[in-house]
Amino acid sequence: MSLADKVIYQIYPKSFYDSNGDGIGDLRGIIAKIPYLKKLNIDMIWFNPFFVSPQNDNGYDIANYYEIDPLFGTMADFEELVAKLAQNHIGVMLDMVLNHCSTDHIWFKKALAGDEYYQKFFYIRKPKADGSLPNNWTSKFGGPAWAPFGKTGKYYLHLYDKTQADLDWHNPAVRKELFKVVNFWRDKGVKGFRFDVINVIGKDEKLTDAPKNTASKLMYTDQPIVHQYLKELNQKTFGQEPDAITVGEMSSTTVANSVAYTRKDNHELSMVFTFHHLKVDYQNGQKWTKIPFDFSALKNALNNWQIGMSQGGGWNALFWNNHDQPWALSRFGDPIHFREKSAEMLATVMHLLRGTPYIYQGEEIGMINPNYQKITDYVDVETLNAYDELKKQGLSDSKALAIIQAKSRDNSRTPMHWDNTVNVGFTTGTPWLKPKDQEQINVAAELDHGEIFPYYQKLIYLRKHYPIIAKGSYEPIDLEHPQVFAYCRLYRGQTLLVINNFYGQKATYGLPASYQGQKAQTLISNYDKNFQEVPKTLALQPYESLALLI
Ligand code: NOJ
């Protein structure tokens, strides 16, 4: 399977479609919607975790890697799902959460009961001589990264929630168990794997304090041993599959490391998720702030990754949205005045770049942030911790809520809008998370008369039919432009010019002199324009996108 012309769709099972009325999406719900998925012509679906879990972090706290959580269905449902997707030429990508497991996992329970073999599965440490925590690292979900290990007086490391205990990859027995998990799912016909926060598995065994004023993540991210572990993972599991597709979620990584993670001859992963282009609406690098996005930073991030990965022979996953991000349409587009046009513009930017595009459920119908009016409508652990923290910092309820509305992970976790009936057609019961009151945005309406879904279909079609999109190199054009992000793709003497107006104001855009007057084919335009040659200037409409093949 060649990677370059594939498009992957992401399903958040909890919020996709509920087949049994318990308010929670499930595997049979996904089976019921295969005809819808087929319409997009996607190649593979990444499913967020549906393994047995207490759901403290919505399934990223796994208590049993080998079983389907009854919330979502049964193993028979899963096998049927894999088979039915295969009949439709859609592959399955599972989410492997191998950096940590739930404190409800038998390994942790045995460790807690005193079993030394399993204690070595985790980072369990004594306090420092002065009684303080083993080190000064902080959890990504707020507070210290250490929690008391029962009544032993010791602590265990958790980089995420305190119910997600970090596994010690230095221990070969841990690696063996985790590789067994991957192979178990391979035996069920799974060929795609997404590895959760996989670049933090290589903590230095000494667990040294972060120096003063240094973020603790620098102490454990992208350590050289991660490459060694990934090579071993590759060799002992999916590397035996010629058409496996893998993606590593790389937190705060670098281009150099990501090249190394994904270069074919390194035998690590097929591609990586990186996040620099999404941190452009963070004030001073802090997520829980609310500022307009920095357009120039956004372009520079995309541009640097495109160039760096291309020059190094690496491969990027291309995405705007996932279950951890507020909707890109609400952040970088205009969901009120130009919902369709800005959704299409964002899609054009991403789908015509070099890499493998991912579409997050609901993106293809232009879903937007729900802006809940009460903090009690939010359920995500990270969000609720952040709200408490903002209140502690002295922010008023309304200021703290405004930040939560802009940044919460629940924004994209709201149930998928299927139609405009009660609960947006997601469930006949009470949905686990409130849908947004926005009946006009739903699959039924979009398929009936919408323009975003057909636009996505076209972008996917183009990638499969124009090798320049799948295989071409990348070059920026006029990177300094205050309103436009333009780039070209180059392949075997052809050029694809991609021009995107990122704002709701019109713009006059001068095309590079070297292309003016040349014969061209308009591959896509969200304003139905059709150029047969490259004009001197373009009168760009709000959020206009255009791709010209020369
Ligand atoms: C990244 C996942 O995408 C996120 O949802 C989760 O909370 C953390 N990893 C911890 O597993």
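The values are calculated or read from the model by the stated rules, or taken from the named source; none is laboratory data. All of these numbers come straight from a predicted model, not from anything done at the bench. Here the Cβ is made from the backbone with ideal geometry for all residues, glycine too, and neighbour counts use every protein chain on show. For accessibility, only protein heavy atoms count, side chains too; no ligands or nucleic acids. Shrake-Rupley method; radii C 1.70, N 1.55, O 1.52, S 1.80 Å.
A few points about this structure:
- Residue within region 350-357 that is open to solvent by 10 Å² or more (accessible area, probe 1.4 Å), of a type in the set (A, V, I, L, M, F, W, C) and in a loop (DSSP other than H, G, I, E, B) present: no
- Candidates Gln240, Gln228, Gln235 - the one that is modelled with pLDDT under 95 and surrounded by fewer than 16 Cβ atoms within 10 Å (Cβ to Cβ): Gln240
- Among residues that are free of Cβ contacts under 8 Å to residues at least 60 places away in the same chain and in contact with a Gly (Cβ under 7 Å, 6 or more places away or on another chain), Gln223 is included.
- Residue check for Leu37: of a type in the set (A, V, I, L, M), in contact (Cβ under 8 Å) with a residue 24 or more places away in the chain, more than 16 Å from the ligand (Cβ to nearest atom) and farther than 16 Å from Gly189 by Cα: yes
- Restricting attention to region 128-155, the residues that are away from the ligand (no atom under 16 Å from the Cβ) and either closer than 16 Å to Asp57 by Cα or among the aromatic types (Phe, Trp, Tyr) (or both) total 3.
- Residues considered: Arg194, Arg175, Arg186, Arg125. Of these, the only one that is away from the ligand (no atom under 16 Å from the Cβ), surrounded by 14 or more Cβ atoms within 10 Å (Cβ to Cβ) and within 30 Å of Pro35 (Cβ to Cβ) is Arg186.
- Leu94 being assigned to a loop (DSSP other than H, G, I, E, B), hydrophobic (A, V, I, L, M, F, W, C), surrounded by 19 or more Cβ atoms within 10 Å (Cβ to Cβ) and within 16 Å of the ligand (Cβ to nearest atom): no
- Hits in region 527-547 - residues which are under 34 Å from the mean Cα position of the chain (by Cα), of a type in the set (D, E, K, R) and open to solvent by 30 Å² or more (accessible area, probe 1.4 Å): Asp528, Lys529
- Region 391-429 - residue that is assigned to a helix (DSSP H, G or I) and within 16 Å of the ligand (Cβ to nearest atom) and, of those, surrounded by the fewest Cβ atoms within 10 Å (Cβ to Cβ): Arg409
- Restricted to region 499-526, and to residues there that are open to solvent by 70 Å² or more (accessible area, probe 1.4 Å) and assigned to a strand (DSSP E or B), the residue that is farthest from Leu302 (Cα to Cα) is Lys519.
- Any hit, region 470-484, residues being modelled with pLDDT of 95 or more, assigned to a helix (DSSP H, G or I) and open to solvent by less than 20 Å² (accessible area, probe 1.4 Å): yes
- Output for region 256-296, where each listed residue is assigned to a helix (DSSP H, G or I) and surrounded by 15 or more Cβ atoms within 10 Å (Cβ to Cβ): Asn257, Ser258, Val259, Ala260, Tyr261, Thr262, Asn266, His276, His277, Leu278, Phe295
- Residues located in region 485-496, provided they are touching a residue at least 40 places away in the same chain (Cβ under 8 Å) and buried (at least 22 other Cβ atoms within 10 Å of the Cβ): Phe485, Tyr487, Arg489, Leu496
- Considered as a group, the residues in region 42-61 that are open to solvent by 10 Å² or more (accessible area, probe 1.4 Å) and in contact with a Gly (Cβ under 8 Å, 6 or more places away or on another chain) include one that is nearest to the ligand (Cβ to nearest atom), and that residue is Ser53.
For every residue, the table says whether it meets (1) among the β-branched types (Val, Ile, Thr); (2) crowded, with 19+ Cβ neighbours inside 10 Å; (3) within 16 Å of the ligand (Cβ to nearest atom).
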{"residue": "Asn303", "(1), (2), (3)": "no, no, no"}
{"residue": "Ile307", "(1), (2), (3)": "yes, no, no"}
{"residue": "Phe332", "(1), (2), (3)": "no, yes, no"}
{"residue": "Thr348", "(1), (2), (3)": "yes, yes, no"}
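- Matching residues, region 105-122, being more than 16 Å from the ligand (Cβ to nearest atom) and open to solvent by less than 10 Å² (accessible area, probe 1.4 Å): Ala111, Phe121
- The residues of region 228-251 that are charged (D, E, K, R), outside any helix (DSSP H, G or I) and more than 16 Å from the ligand (Cβ to nearest atom), listed by number, are Glu241, Asp243.
- Residue count for region 364-389, restricted to those that are crowded, with 20+ Cβ neighbours inside 10 Å, assigned to a helix (DSSP H, G or I) and not β-branched (Val, Ile, Thr): 4.
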